[in-house]
Structures are given as structure tokens and as C-alpha cells.
Amino acid sequence: MNKTVIAMWSGPRNLSTAMMRAFENREDTEVLDEPFYAHYLKTTGLNHPGRDMIINSQMTNWDEVVAKCTRSNPHGKPIWYQKHMAQHNLEGFDISWVKEVQNCLLIRDPKYVIASYSEKFPFKDERLLGYVQQIEILEYIEKENGKTPPIIDADDLLQFPEFILKELCEQIGIDFSLSMLSWPKGPRDSDGVWAPYWYGKVQRSTGFQSHVEREIVLDEDFSEIYEKCMGHYEVIHEKRIRP
């Protein structure tokens, strides 16, 4: 396993870009933003905002993307942090490459994810939220490596950012840096071309915002999807880093 390559597996609307900012603010870290996104859109035919631009911005061949993700950091920094969307792992494509890198999971209560994602993109398929794929990744890594990878709940991260990030760094085997707790506002050259559609809030941020408990009432149309995703979430949540 290459421990200098960190693959963080998240679902949509889940603080994944804020987490990428935290790592990018370290002097020793280079980041890679959703390298399988173009492959995902081209293969599924999903009409995400900026679809054609995204497809033209990245490699669309699965094996070529895997080869990129499993080599050493091309820019020479000691740590290469890769932000991955779990839902980009499509059925029929081999995920065995993940055993070659340091994997982590970033999860969040499905009610927040569904409420936020449905405002951006209409959906009826639970696999678009990544919980199924996170379970698949978790089970594969536990079988191959004999231990559970680091798991972070987004709401724990918002409430206790320094504690959670310190524990994550310890489990990964890297030093914690206070620079992970705040960052400058604005876009980054490392942001994918889809940033204008999805990254507005994080580009205005300077750190992890305080956790605010919100009352969310999901539309009845999402009840079945919510129940399925909640079942997967609870399994992973039990194994998370606890504050």
C-alpha cells in the first residue's frame, strides 16, 4: 500500500470539497479532484451541469484513470490527496486498485445529503448517493487489509474539526497540521471544471463552519431511498472515528 496516496471516498454534498481544502492547505500535500467524474458521466449518460465540459476535461477510460491514481504524486510533494466520489464506482468496473492506496471514508446522515443533492440534481436511484458503493469499498478493504479504514462522519467533523482531523492523521500515519483548520477564500486551480456548479459555498468559506442542527423534512418520494441509504449509513457509522 502506498500510504502517501490518500483516497477519500465520499458521497455528494458531504463536505468533501472542504476536506480537500483542508489537505490542500498543508505545505506537503497535492490534491486531485474527482478523477473519475468524466468516466462516470460518459458511461452513465447522466446530464449533470457542465457535462460536456467535464467529459472534455479529463480522461474517460477507467484503466487510464486507475493508472493515474495509483502512481506516485506527479508533482513531487510527499502526500497526494485524492477526492473521490463513491458513486463514480460503477457496476462492472474493477475496484481492486484501492488496495494499493490509503483509503478513508467520509459519510453523512442521508437526510442532509438527499435534501441538498435534490436541490441541485433530480434523482430516483440510491446509487447516485454513494452509500452502496461505500459499503462495497469498506467490505473490500476490510477483506484485503484485515482492518477497517479511517471513517469520518461529516457532522462530527463540523463539531470537532481539530480532534477528528488529528485522529484521521494518526490513523493514516501522517503528522497533523494546524493549517488544515482554515484556508483562504476563493477558487483553486486544482478545482474541477464543475466547481462553478457545485463549489459556491466552499469557495466562500475559510474553514469548517460550526455544526447547526437543522430540521429537515424529506419529500415522501424520497422515503424508500432514505431508508435504504440509512441502513448502509448506520453500518458504516458504527465504525467511524468517534469524538
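Only the coordinates and a few stated rules stand behind these numbers; no lab work does. Keep in mind that what you see is a predicted model, and the values were worked out from it rather than measured. FYI the Cβ positions are ideal-geometry reconstructions off the backbone, even for glycines, and counts take in every protein chain you see.
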Every residue from the stretch 66-91 that is in contact with a Ser or Thr (Cβ under 9 Å, 6 or more places away or on another chain), part of a strand (DSSP E or B) and under 14 Å from Phe23 (Cβ atoms): Ile79, Trp80, Tyr81, Lys83, His84
Criterion (assigned to a loop (DSSP other than H, G, I, E, B) and either without any contact (Cβ under 8 Å) to a residue 40 or more places away in the chain or of a type in the set (Ser, Thr, Tyr) (or both)) met by exactly one of Asp52, Asp94, Asp63: Asp94
Identity of the residue in the stretch 135-167, among the acidic types (Asp, Glu) and within 23 Å of Val98 (Cβ to Cβ), that ends up surrounded by the most Cβ atoms within 10 Å (Cβ to Cβ): Asp153
Residue within the stretch 68-82 that is touching a helix residue (DSSP H, G or I) at 6+ places or on another chain (Cβ under 6 Å), hydrophobic (A, V, I, L, M, F, W, C), in contact (Cβ under 8 Å) with a residue 40 or more places away in the chain and closer than 27 Å to His232 by Cα present: no
Test: residue in the stretch 180-201 that is within 19 Å of the chain's Cα centre (by Cα), among the charged types (D, E, K, R) and under 17 Å from Leu106 (Cα atoms): no
Residue count, the stretch 196-214 (criterion: surrounded by 15 or more Cβ atoms within 10 Å (Cβ to Cβ), part of a helix (DSSP H, G or I) and either touching a residue at least 60 places away in the same chain (Cβ under 8 Å) or among the hydroxyl-bearing types (Ser, Thr, Tyr) (or both)): 3
Criterion violated by Glu30 - all others in (1) within 21 Å of Ala195 (Cα to Cα); (2) assigned to a helix (DSSP H, G or I); (3) touching a helix residue (DSSP H, G or I) at 6+ places or on another chain (Cβ under 9 Å); (4) charged (D, E, K, R) satisfied: (2)
Count of residues meeting criterion [in contact with a Ser or Thr (Cβ under 8 Å, 6 or more places away or on another chain) and more than 19 Å from His84 (Cβ to Cβ)] in the stretch 166-209: 6
Residues within the stretch 168-179 that are over 18 Å from the mean Cα position of the chain (by Cα), over 30 Å from Ala38 (Cβ atoms), touching a residue at least 60 places away in the same chain (Cβ under 8 Å) and surrounded by 12 or more Cβ atoms within 10 Å (Cβ to Cβ), tallied: 2
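For every residue, the table says whether it meets (1) small (Gly, Ala, Ser); (2) under 16 Å from the mean Cα position of the chain (by Cα); (3) over 13 Å from Gly11 (Cβ atoms).
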{"residue": "Asn89", "(1), (2), (3)": "no, yes, no"}
{"residue": "Pro110", "(1), (2), (3)": "no, yes, no"}
{"residue": "Tyr117", "(1), (2), (3)": "no, yes, no"}
{"residue": "Gly130", "(1), (2), (3)": "yes, yes, no"}
{"residue": "Tyr140", "(1), (2), (3)": "no, no, yes"}
{"residue": "Asp156", "(1), (2), (3)": "no, yes, yes"}
{"residue": "Phe160", "(1), (2), (3)": "no, no, yes"}
Odd one out for Asn47 among (1) surrounded by fewer than 21 Cβ atoms within 10 Å (Cβ to Cβ); (2) free of Cβ contacts under 8 Å to residues at least 24 places away in the same chain; (3) under 18 Å from Phe93 (Cα atoms): (3)
